[in-house]
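Asks: Take a look at the following structure, please.
The values are calculated or read from the model by the stated rules, or taken from the named source; none is laboratory data. Everything numeric here is computed off the predicted structure, so don't read it as measured data. Glycine gets a Cβ as well: all are built from the backbone with ideal geometry, and neighbour counts include every protein chain shown.
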């Protein structure tokens, strides 16, 4: 299985559509067998699902993610674990152990107000960092 994680400084990056890197993990028998950091080369929301599909990714772990990107991932056959924060390596190990805490209803929308407790926008790269809008 190949798992991709939105990635920044060792942690799960909190906005799928703005991620500049993915950390891609090769796994076998419930263990990580290798990993590498992949640059998105400026790809945005729409192109990222295609990028992951081209890398034969089975599973994505991320923070916030919009409905359009979720649909694109589903169409590409990529299983999504959203609403995850903290260490990317720890998240992958937790997924493999069956203990990953994630939000099956995660949303990051350009058009809806961000709810309390939503991680999207808590850092300078996040959605909502400029007055509550995802638009730059």
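Asks: Where residues in segment 100-128 are in contact with a strand residue (DSSP E or B) (Cβ under 8 Å, 6 or more places away or on another chain) and at pLDDT 60 or above, which of them is surrounded by the most Cβ atoms within 10 Å (Cβ to Cβ)?
Replies: Among them, the one singled out is 108.
Asks: Looking at segment 9-55 only, could you name the residues that are surrounded by fewer than 19 Cβ atoms within 10 Å (Cβ to Cβ), within 15 Å of the chain's Cα centre (by Cα) and assigned to a strand (DSSP E or B)?
Replies: 21, 37, 38, 39, listed by residue number.
Asks: Would you check if there is a residue in segment 89-99 being surrounded by fewer than 19 Cβ atoms within 10 Å (Cβ to Cβ), modelled with pLDDT of 95 or more, over 14 Å from the mean Cα position of the chain (by Cα) and not in a helix (DSSP H, G or I)?
Replies: Among the residues of segment 89-99, at least one is surrounded by fewer than 19 Cβ atoms within 10 Å (Cβ to Cβ), modelled with pLDDT of 95 or more, over 14 Å from the mean Cα position of the chain (by Cα) and not in a helix (DSSP H, G or I), which makes the answer yes.
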